[in-house]
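> The structure is given below, and queries will be raised subsequently.
The values are calculated or read from the model by the stated rules, or taken from the named source; none is laboratory data. Keep in mind it's a predicted model, so treat the numbers as computed, not measured. Virtual Cβ from ideal backbone geometry, glycine too; neighbours counted across all protein chains shown. Ligands, DNA and RNA are excluded from the accessible area calculation, which covers all protein heavy atoms including side chains. Shrake-Rupley method; radii C 1.70, N 1.55, O 1.52, S 1.80 Å.
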Amino acid sequence: MASEYAFELASSSIRFGPGVTREIGMDLAEMKAKRVMVLTDPNLARLSPVATVLESLRDNRIAFSLFDRVHVEPTDVSFREAIDFATRANSTRWCGRRWIHHRHREGGESLLHPSGGLSRLRQRADRKGKPAPGPLKPLIAVPTTAGTGSETTGVAIFDYTPLHAKTGIAHRRLKPLLGILDPENTRSMPPQVAATSGFDVLSHAIESYTAIPYQRRPRPDRPVLRPAYQGSNPSATSGRSKALRWVSKYFVRAVEDPDDDEARQKMQLAASYAGVGFGNAGVHLPHGMSYPVSGWSATSAPRASRATIPSCLTGCRDPERAAVFRFTAQACPERHLVAAEILGADVSRARPEDAGRSSRTGWSPSCSG
Ligand SMILES: NC(=O)c1ccc[n+]([C@@H]2O[C@H](COP(=O)([O-])OP(=O)(O)OC[C@H]3O[C@@H](n4cnc5c(N)ncnc54)[C@H](O)[C@@H]3O)[C@@H](O)[C@H]2O)c1
């Protein structure tokens, strides 16, 4: 088996600034869009991020259809609903189709072009592993948490109910055309959501930094088969350490005070930087462990008690995370120690075998990843 010799850095265009959401209508007018589909969830549909987008579309005479039934922890069933909505809308009025997606992007919609969307979804979910069949409709992603970083990734995560499993569709063609990072959109985030999505940033940054290096992976037969999750590579190292520094400095502040503009802005940038990191390197054990738990909670738990366990929390609680990094640390101790140092640990006297060891001393565990 030939080893990989190349890596690819692919990311969406990202626009950051308080209030940039108001520009979306102008972007679409530039793109000659006549009609767009706006996707969000019922909760966000009544909040200012969505209202600002719809106002910008009206101001720029862009017709739109609002799909506000996106699920937290989406499933193939909720994808189907979005397909049917797009298909119905499509058969009547679409021209110059465009997509706007609010929230974390299952990304599915852009893959779920009305014709044959679900059959492709089944093929991919059944691990046929075929690459996305061609260029997809442009997608503008507007994250409202800080966050998944999914405005930069070509990954759509969903729960596949027939298998009661959380899985994903990953291909560079799923990446949004534009990610709109507007810190005003995360101001209304409840502390619990700020905490769980903040842990996602932490995990994305550390996991993509400590993933198996790309050179130790098999070389694909054709470039289109090179996976989005290609293993750790130098492409986004600087972004990841920046993301970790911001998490270390601003995460708690952003959770405790949603009006702390500096903390909110830095956490949103950290989410995107960590997104570029894991979107091109991948995640590993913590996320892998979280899927069965959040997948179960989304598809199998008794409907009445189906409380969504945010995926970013299931593999992230301290005891588990410490255990995970104790396990992974020996694979690349130097990188775990670097991450520990960025998060505040004193590693000046650390030996490689100390990597992953937790000191249980509050926020700055010494010598642990
Ligand atoms: N595609 C990717 O690359 C990728 C990466 C990581 C996670 N994910 C997926 O993203 C999902 C998690 O997304 P998330 O962490 O952004 O949470 P979320 O978007 O699912 O939101 C969680 C809850 O918070 C509410 N909420 C979100 N933003 C708000 C705001 N600004 N104000 C008030 N309420 C708000 C939502 O309405 C929802 O009820 C999971 O399904 C996970 O699998 C995808």
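> For segment 1-97, what is the convex hull (Cα atoms) projected area averaged across all directions, in square nanometres?
With the hull built on Cα positions only, its mean projection is 9.9 nm².
> Continuing with the same structure: For a test of the definition: using alpha carbon positions, the gyration tensor, and the 1.5 limit on a/c, classify segment 226-273 as rounded, prolate or oblate. Can you show the working numbers first?
On the way: a/c = 3.50, a/b = 2.68, b/c = 1.31.
The shape class here is prolate.
> Amide H neighbours of residue 139 under 5 Å, at least 5 residues apart or on other chains, H built in the peptide plane: list them.
HN-HN under 5 Å from residue 139: 177, 178.
> Could you sort the peptides 267-277, 325-335 by per-residue average Cβ neighbour count (10 Å cutoff), highest mean leading?
Answer by packing, highest mean first, reads 267-277, 325-335.
> With a 1.4 Å probe and every protein chain left in place, tell me how much accessible area residue 171 has, in Å² to the nearest 10.
Estimated to the nearest 10 Å², residue 171 gives 20 Å².
> Solvent-accessible area of residue 219, probe 1.4 Å, all protein chains present, reported in Å² to the nearest ten, please.
So the heavy atoms of residue 219 present about 110 Å² to solvent.
> Here is a follow-up. If you rank 73, 30, 184 by how much accessible surface each has, with a 1.4 Å probe, what is the order from largest down?
Heavy-atom accessible area, descending, gives 30, 184, 73.
> Give me the accessible area of residue 130, 1.4 Å probe, in Å² rounded to the nearest 10.
110 Å²
> Can you grab the distance from the C-alpha centre of segment 50-76 to the C-alpha centre of segment 134-189, Å, no decimals?
15 Å
> Put 16, 85 in order of accessible area, largest first, 1.4 Å probe: what do you get?
Accessible-area ranking of 16, 85, largest first: 16, 85.
> Here's something else I'd like to know. How much length, in nm to one decimal, is gained on full extension between residue 69 and residue 330, taken as 0.36 nm per residue of separation minus their Cα-Cα distance? Kindly include the intermediate steps, with their values, before the conclusion.
Working: separation 261, 0.36 × 261 = 93.96 nm, distance 4.40 nm.
Full-extension gain reported as 89.6 nm.
> 5 Å is the cut-off here: which amide hydrogens, built 1.01 Å from N in the peptide plane, fall below it relative to residue 67, excluding neighbours closer than 5 in sequence?
Residues meeting the amide H criterion: 38, 39, 40.
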